[in-house]
Amino acid sequence: MTTALTAAEAEALQRDRADPGHRALFHIPPAPAGRYAETAYLAGNSLGLQPRATREQLLADLDDWARLGVAGHLDAARPWLPYHALLTGPAARLVGALPAETVVMNSLTVNLHLLMVSFYRPSGRRDRIVIEDSAFPSDSYAVRAQARFHGLDPDRAVVRLAPGEVLGYLAAEGDEVALVLLGGVNYLTGELMDIPAITEAGHAAGAVVGWDLAHAAGNVPLRLHDWGVDFAAWCSYKYLNSGPGAVAGAFVHERHLGDPALPRFEGWWSTEQATRFEMAPVSRPPATADAWQVSNPPIMAMGPVRTSLELFDQVGMAALRERSLRLTGYLAGLLEAVTADRPVSVLTPADPARRGAQLSLRLHGGSSVSTAGELVRRLAARHGVVADDREPDVLRLAPTPLYSTHHDCWRAVEALLAEL
Ligand SMILES: Cc1ncc(COP(=O)(O)O)c(C=O)c1O
């Protein structure tokens, strides 16, 4: 850097020296041009960055395959047959679950479907599914498809509510609700829901309560077991840094494990490992979340998830949350200069206890950019600041505590002040 630092930039850099995070463990994409070598990457809520360890670990798995062929199922350094179990412990610790309650498999929406096969059981008047009005579209499509699968009209069975309406609705109409399925952290607004309170209220109303933790896993501390959550699913490509389309996770509470009354879709990986190769025509599912598996897992895709989960284990979610509160609080403070005299407002709750790493901005009329997409393109091309948009008017910035810096936050705000 040749240009003299402003006091604000010097302060951001000083904060980073005191609070460095784990940036050196990641590949940070280079900036297109300009003053800084690296991008200010604030899109880890969309796609997390690649840990440096991932390539080496993946190559080791590939080498086993090259060297061993089919024998790798038993003889690989990390044998493929029980490979998925290597991910279970760290994934369970991440979401506050018992290992028996946790399984890494498939992708997020597929897991939501497999879990709804078991946990959406409409019966008589109790047939509704409550989701949030700003649910991610995949969840909305999935619950509508589940309603149709049961012969119900999705326009009637699916109830879309603002987050603040959920508790009141459960108290008033809860006897018609079969399932509550909400995002733990909303993808658009970044609002962290009160997972224990909503879970308790859902249960009090006689409903099953499941959570989509796509934006919560690896972002905020979770205690799914203690909170009594019935089921949950999450993806691994956002805060979990396991690569595009990475293998997802699922949780089923202990009280449901081994329940023969619960329907499940099955395949050969639903049966217990010890007798799988007896090739019996009838499965013997274990009394663990593994029973929700269907197919044998994609080993080469599991490796990056394993590497990333090991990192979370080393650093610990509690320490990450501490740093996340500092970083996001710092960004929120800097953004006041933008919202003070530019036509934008912050959508995310101001209370740090009600949000994770993400802050969402809404562009109002009168802005010098026509859409959030246009703003995102300008931030990237002119400033090397990577954010993301949800059209037409929402910009999302997520300083992720593993690798984002105070300086990234400062750069984002300088870029917004220049472009808006
Ligand atoms: C909240 C939420 N749910 C579901 C999905 C869809 O995930 P997948 O394509 O991995 O099934 C996403 C993707 O970003 C998401 O953010």
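The values are calculated or read from the model by the stated rules, or taken from the named source; none is laboratory data. In this text, all values refer to a predicted model and were calculated from it rather than measured experimentally. Virtual Cβ from ideal backbone geometry, glycine too; neighbours counted across all protein chains shown.
Each row is one residue, and each column tells you yes or no for (1) within 16 Å of the ligand (Cβ to nearest atom); (2) of a type in the set (A, V, I, L, M); (3) in contact with a Leu (Cβ under 6 Å, 6 or more places away or on another chain).
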site	(1), (2), (3)
Ala147	no, yes, no
Pro154	no, no, no
Leu181	yes, yes, no
Leu188	yes, yes, no
Leu192	yes, yes, no
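Of all residues in region 110-124, at least one satisfies being over 16 Å from Pro263 (Cβ atoms) and away from the ligand (no atom under 11 Å from the Cβ).
Residue check: Ser134 meets all listed conditions (1) within 30 Å of His84 (Cα to Cα); (2) out of contact with any strand residue (DSSP E or B) (no Cβ under 7 Å at 6 or more places or on another chain); (3) within 12 Å of the ligand (Cβ to nearest atom) but one, namely (1). Looking across Ser242, Ser308, one residue alone is more than 15 Å from the ligand (Cβ to nearest atom) and touching a residue at least 12 places away in the same chain (Cβ under 8 Å). It is Ser308. When Ala91 is tested against (1) among the small types (Gly, Ala, Ser); (2) away from the ligand (no atom under 16 Å from the Cβ); (3) under 18 Å from the mean Cα position of the chain (by Cα), just one condition goes unmet, and that condition is (2). Screening Ser236 with (1) away from the ligand (no atom under 15 Å from the Cβ); (2) in contact with a strand residue (DSSP E or B) (Cβ under 9 Å, 6 or more places away or on another chain) gives one miss only, at (1). Scanning region 186-225 for residues that are in contact (Cβ under 8 Å) with a residue 60 or more places away in the chain and touching an Asp or Glu at 6+ places or on another chain (Cβ under 7 Å), which turns out nearest to Ala387 (Cα to Cα)? Residue satisfying both the conditions and the ranking: Asp212.
Which of the residues spanning region 46-59 are without any contact (Cβ under 8 Å) to a residue 40 or more places away in the chain and touching a helix residue (DSSP H, G or I) at 6+ places or on another chain (Cβ under 8 Å)? Give the derivation first.
Here is the first cut: in region 46-59, the ones without any contact (Cβ under 8 Å) to a residue 40 or more places away in the chain are 52, 55-56, 59.
Correct list: Arg52 only.
In region 202-209 there is no residue that is within 30 Å of Val346 (Cα to Cα) and out of contact with any strand residue (DSSP E or B) (no Cβ under 6 Å at 6 or more places or on another chain).
Yes/no per residue for (1) within 16 Å of the ligand (Cβ to nearest atom); (2) at pLDDT below 95:
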position: Phe231; (1), (2): yes, no
position: Ala246; (1), (2): yes, no
position: Leu257; (1), (2): no, no
position: Glu272; (1), (2): no, no
position: Thr275; (1), (2): no, yes
position: Pro285; (1), (2): no, no
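For Ala43, indicate whether it is among the aliphatic types (A, V, I, L, M) and closer than 19 Å to Thr400 by Cα.
Values: among the aliphatic types (A, V, I, L, M): yes; closer than 19 Å to Thr400 by Cα: yes.
For Ala43, the condition - among the aliphatic types (A, V, I, L, M) and closer than 19 Å to Thr400 by Cα - is met.
Within region 142-181, being closer than 15 Å to Thr109 by Cβ and in contact (Cβ under 8 Å) with a residue 24 or more places away in the chain holds for Ala142, Val143, Ala145, Gln146, Leu181. Test each condition in (1) within 16 Å of the ligand (Cβ to nearest atom); (2) part of a loop (DSSP other than H, G, I, E, B) for Arg35 and report the one that comes out false. In the conditions (1) within 16 Å of the ligand (Cβ to nearest atom); (2) part of a loop (DSSP other than H, G, I, E, B), Arg35 misses (1) alone.
Please find, within region 40-61, the residue that is nearest to Met300 (Cα to Cα) out of those that are among the hydrophobic types (A, V, I, L, M, F, W, C) and surrounded by 13 or more Cβ atoms within 10 Å (Cβ to Cβ). Lay out the reasoning, then the answer.
Within region 40-61, the subset among the hydrophobic types (A, V, I, L, M, F, W, C) is 40, 42-43, 47, 49, 53, 58-60.
Those still in the list that are surrounded by 13 or more Cβ atoms within 10 Å (Cβ to Cβ) too: 40, 42-43, 47, 49, 53, 58, 60.
On the way: Ala40: 30, Leu42: 27, Ala43: 25, Leu47: 19, Leu49: 18, Ala53: 14, Leu58: 7, Ala60: 10 Å.
Among those that are among the hydrophobic types (A, V, I, L, M, F, W, C) and surrounded by 13 or more Cβ atoms within 10 Å (Cβ to Cβ), it is Leu58.
Tell me which residues, restricted to region 273-296, are closer than 17 Å to Asn111 by Cα, of a type outside the set (Val, Ile, Thr) and surrounded by fewer than 18 Cβ atoms within 10 Å (Cβ to Cβ).
Pass one, region 273-296, residues closer than 17 Å to Asn111 by Cα: 288-296.
Among the residues that remain, those that are also of a type outside the set (Val, Ile, Thr) are: 289-293, 295-296.
Across region 273-296, the qualifying residues are Ser295, Asn296.
Just one residue in the set Arg67, Arg17 is within 23 Å of Leu320 (Cβ to Cβ), at pLDDT 95 or above, more than 16 Å from the ligand (Cβ to nearest atom) and surrounded by fewer than 17 Cβ atoms within 10 Å (Cβ to Cβ); that residue is Arg17.
Filter region 297-319 for residues that are in contact with a His (Cβ under 9 Å, 6 or more places away or on another chain) and closer than 27 Å to Leu115 by Cβ and give the result. Scanning region 297-319 gives Pro297, Ile299, Met302, Leu311.
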